[in-house]
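Asks: Questions regarding the structure given below will be posed in turn.
The values are calculated or read from the model by the stated rules, or taken from the named source; none is laboratory data. Keep in mind the model is a prediction, meaning the values are calculated, not measured. Every residue, glycine as well, gets a Cβ built from its backbone with ideal geometry; the counts of neighbours run over all protein chains shown. For the accessible areas, the whole protein counts, side chains as well, though only heavy atoms, and no ligand, DNA or RNA atoms are used. Shrake-Rupley method; radii C 1.70, N 1.55, O 1.52, S 1.80 Å.
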Amino acid sequence: MKKPGSVEDLPEWNFDGSSTGQAPGDNSDVYIRPVAMYPDPIRLGDNVLVMCETWDPDGTPNKSNFRHDAARLMEANKDHHVWFGLEQEYTLLSESGWPYGWPAGGFPGPQGPYYCGVGTGRVYCRDIVEAHHKACIYAGINISGTNAEVMPAQWEYQVGPCEGIDLGDQLWVSRWLLHRIAEEFGAKVSFQPKPIPGDWNGAGLHTNVSSSEMREEGGMKHIEAAMKKLEQRHIEHIKVYGEGNELRMTGAHETSSIDKFTWGVANRGSSVRIPRQCAKEGKGYVSSDSPFDRRPASNADPYQITGIIVETIYGSLPEEK
């Protein structure tokens, strides 16, 4: 079979949605429409990984299809050239469901030496992390870094900057690759926002955002205007920022309170942190010097996150044609 040159060369297909909770048994076909493709780092050669949207037989987006509305929002607001960077935190678990490297049924030493750590006893499963990083590079995912996180056996990788809908596509494919790579090592991947109760950091999906207005001279006034708009819709954002996020966003462990919106310069305990460099220069690029929303949980849907941010700051969803 000839290698497809673009997603337009790929056919629409379908699967049994009743087996995945996406359709009833008496009308189980769910159609999948290709929207993006990437070189396959597992099978290599001419093989590709294909990202698809899910559609119902009546021609409407499936209930699980959050991409459709997000893509429309990005298109409607494309003149703002919104760039995103997502910081995906996750925890690696053994087959017993306990974090890798932790004493069986027990706990390691307190947090402190693990963040961005190196060396035996400080980090665990770096082989999985490195293999995942290489797989993402091969697939063309714009992975821009990895680091060990505050809790041992917890890691983070960053995807972006990407413009518009590309970020959601790339993050979902990177998540799939992480599960697939970890499978080779007999490890489980947890995206739970509070995998271990108690005095341990949770896991987030911190979201860097930057528009053309924010990146230009005087961009700080646009950033401040965005903060006011985000504050007005705090509850709506929290509803789509991940399941179980209330266990993580307690105001402790470098989180803000789930009940209140706050923002501040260099404040890791606020809802949105404005990096000091951004405030100093009066504008924000993306990544370390752009404003970023610390509220989303590690298990949140990137389409819902990026979609509601664009909608809140720049404009509502246009009418479906």
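Asks: Rolling a 1.4 Å sphere over the protein heavy atoms, what is the accessible area per residue of the stretch 171-246, to the nearest Å²? Present the calculation step by step, with values, prior to reporting the outcome.
Replies: Numbers: 3490 Å² over 76 residues.
Ligands and nucleic acids excluded, the figure is 46 Å² per residue.
Asks: Between Thr120 and Asn27, 0.36 nm times their residue separation minus their Cα-Cα distance comes to what?
Replies: Working: separation 93, 0.36 × 93 = 33.48 nm, distance 5.29 nm.
The Thr120-Asn27 span can extend by a further 28.2 nm.
Asks: Using modelled backbone amide H atoms (1.01 Å from N, in-plane), which distant-in-sequence or interchain residues come within less than 5 Å of Cys52's amide H?
Replies: Under 5 Å from the amide H of Cys52 lie the amide H atoms of Val35, each far enough along the sequence or on another chain.
Asks: Okay, next question. For every other residue with a beta carbon closer than 12 angstrom to the beta carbon of Cys52, add +1 if it is Lys or Arg and -1 if Asp or Glu, then tell me the sum. All intermediate terms of the calculation are to be shown ahead of the outcome.
Replies: Values: positive: Arg33, Arg67; negative: Glu12, Glu53, Asp169.
So the surrounding residues net to -1.
Asks: Moving on. Explain nothing, just the number: dipole magnitude of the stretch 74-314 about its Cα centre with +1 on each Lys and Arg Cβ and -1 on each Asp and Glu Cβ, in debye rounded to the nearest 20. Present the calculation step by step, with values, prior to reporting the outcome.
Replies: Working: 23 positive and 30 negative charges, 104 e Å.
Dipole of the stretch 74-314, to the nearest 20 debye: 500 debye.
Asks: In addition: Run lengths n ≥ 4 of DSSP H only: what is the helix-derived mean residue ellipticity at 222 nm for the chain, with -39500 (n - 2.57) per run over all residues, to the nearest 500? Walk me through the numbers before you get to the answer.
Replies: On the way: 8 runs with 86 residues, N = 321.
So the helix-based figure for the chain works out to -8000 deg cm²/dmol.
Asks: Using the Karplus curve 6.51 cos²θ - 1.76 cosθ + 1.60 with θ = phi - 60°, what ³J(HN,Hα) values do you get for each residue of the stretch 236-242, in whole Hz, with x for Gly and Pro?
Replies: Running phi through 6.51 cos²θ - 1.76 cosθ + 1.60 with θ = phi - 60° gives 4, 5, 4, 4, 10, 9, x Hz.
Asks: If you roll a 1.4 Å probe over the heavy atoms of the protein chains, what accessible area per residue do you get for the stretch 7-64, in Å²? Intermediate values should be presented prior to the final figure.
Replies: Numbers: 3430 Å² over 58 residues.
Normalised by residue count, the accessible surface of the stretch 7-64 is 59 Å².
Asks: Related question: Using the Cα centre of the chain as origin and beta-carbon charges of +1 (Lys, Arg) and -1 (Asp, Glu), tell me which of Ser64, Gly21, Phe185 is placed farthest towards the positive end of the dipole.
Replies: Phe185
Asks: Report the label-to-label distance for Thr250 and Lys229 in nanometres (one decimal), using points 7 Å from each Cα along the Cα→Cβ vector.
Replies: It works out to 3.5 nm between the two label points.
Asks: Rule-of-thumb check for the stretch 164-321: C-alpha Rg over 2.2 N^0.38 Å?
Replies: Output field value: 1.08.
Asks: Out of residues 5 or more away from Ser210 or on other chains, whose amide H comes under 5 Å of its own, with H placed 1.01 Å from N in the peptide plane?
Replies: Counting only residues 5 or more places away or on other chains, the set is Trp83.
Asks: Now, a different point. Hey, what did the chain get for relative contact order, percent, Cα under 8 Å, at least 6 apart?
Replies: Details: 636 pairs, mean separation 59.3, N = 321.
Here the relative contact order equals 18 percent.
Asks: Across every pair of different alpha-carbon atoms, what Kirkwood hydrodynamic radius in Å does the stretch 226-298 reach?
Replies: Working: mean 1/r = 0.0799 Å⁻¹.
When all Cα pairs of the stretch 226-298 are included, the Kirkwood radius is 12.5 Å.
Asks: Considering the dipole of the chain built from charges on the beta carbon (Lys and Arg +1, Asp and Glu -1) around the Cα centre, which of Trp83, Pro110, Asn245 is farthest to its positive end?
Replies: Selected residue: Pro110.
Asks: Can you compute the equivalent ellipsoid semi-axes for the stretch 12-126, i.e. the square root of 5 times each eigenvalue of the Cα gyration tensor, sorted largest first and rounded to whole Å?
Replies: Values: eigenvalues 292, 98, 56 Å².
After scaling each eigenvalue by five and taking roots: 38, 22, 17 Å.
Asks: Residue by residue through the stretch 112-118, what is 3J(HN,Hα) from phi via Karplus (6.51 cos²θ - 1.76 cosθ + 1.60, θ = phi - 60°)? Round to whole Hz and write x for glycine and proline.
Replies: Listing the rounded values in order: x, x, 8, 4, 6, x, 8 Hz.
Asks: Further, regarding this structure: Cross-chain or 8 or more residues apart, Cα under 21 Å: how many lysine pairs in the stretch 74-314 fit that? Count them up, please.
Replies: 17
Asks: Where does the charge balance sit around Gly168 when Lys and Arg score +1, Asp and Glu -1, over other residues with C-beta under 10 Å from its C-beta? Could you put the intermediate results ahead of the total?
Replies: On the way: positive: Arg67; negative: Asp166, Asp169, Asp301.
Residues close to Gly168 contribute a combined charge of -2.
Asks: Starting from the residue with the highest accessible area, list Leu49, Leu171 in decreasing order, probe 1.4 Å. Before the final figure, lay out the partial values.
Replies: Values: Leu49 25, Leu171 0 Å².
Ranking Leu49, Leu171 by accessible area, largest first, yields Leu49, Leu171.
Asks: May I ask for the net charge around Ser28, where only other residues with Cβ less than 15 Å from the Cβ of Ser28 are counted and Lys, Arg are +1 while Asp, Glu are -1? Walk me through the numbers before you get to the answer.
Replies: Numbers: positive: Lys63; negative: Asp16, Asp26, Asp29, Asp56, Asp58.
Value of the local net charge: -4.
Asks: Which percent of the accessible heavy-atom area of the chain goes to carbon and sulfur, probe 1.4 angstrom? Please list the in-between numbers first.
Replies: Working: 7730 of 15230 Å².
It is 51 percent, rounded to a whole number.
Asks: Here's another thing I want to ask about it. For the stretch 52-97, which GluC sites (Glu not before Pro) are in a loop by DSSP, counting at most 16 other Cβ atoms within 10 Å? Mind dumping the intermediate values first?
Replies: Working: sites: Glu53, Glu75, Glu87, Glu89, Glu95; in loops: Glu95.
In loop regions of the stretch 52-97 (DSSP not H, G, I, E or B), the sparsely surrounded GluC sites (Glu not before Pro) are Glu95.
Asks: What does the convex hull of the Cα atoms come to per residue for the chain, in Å³?
Replies: Values: hull volume 49.0 nm³, N = 321.
Cα-based convex hull of the chain, divided per residue, equals 153 Å³.
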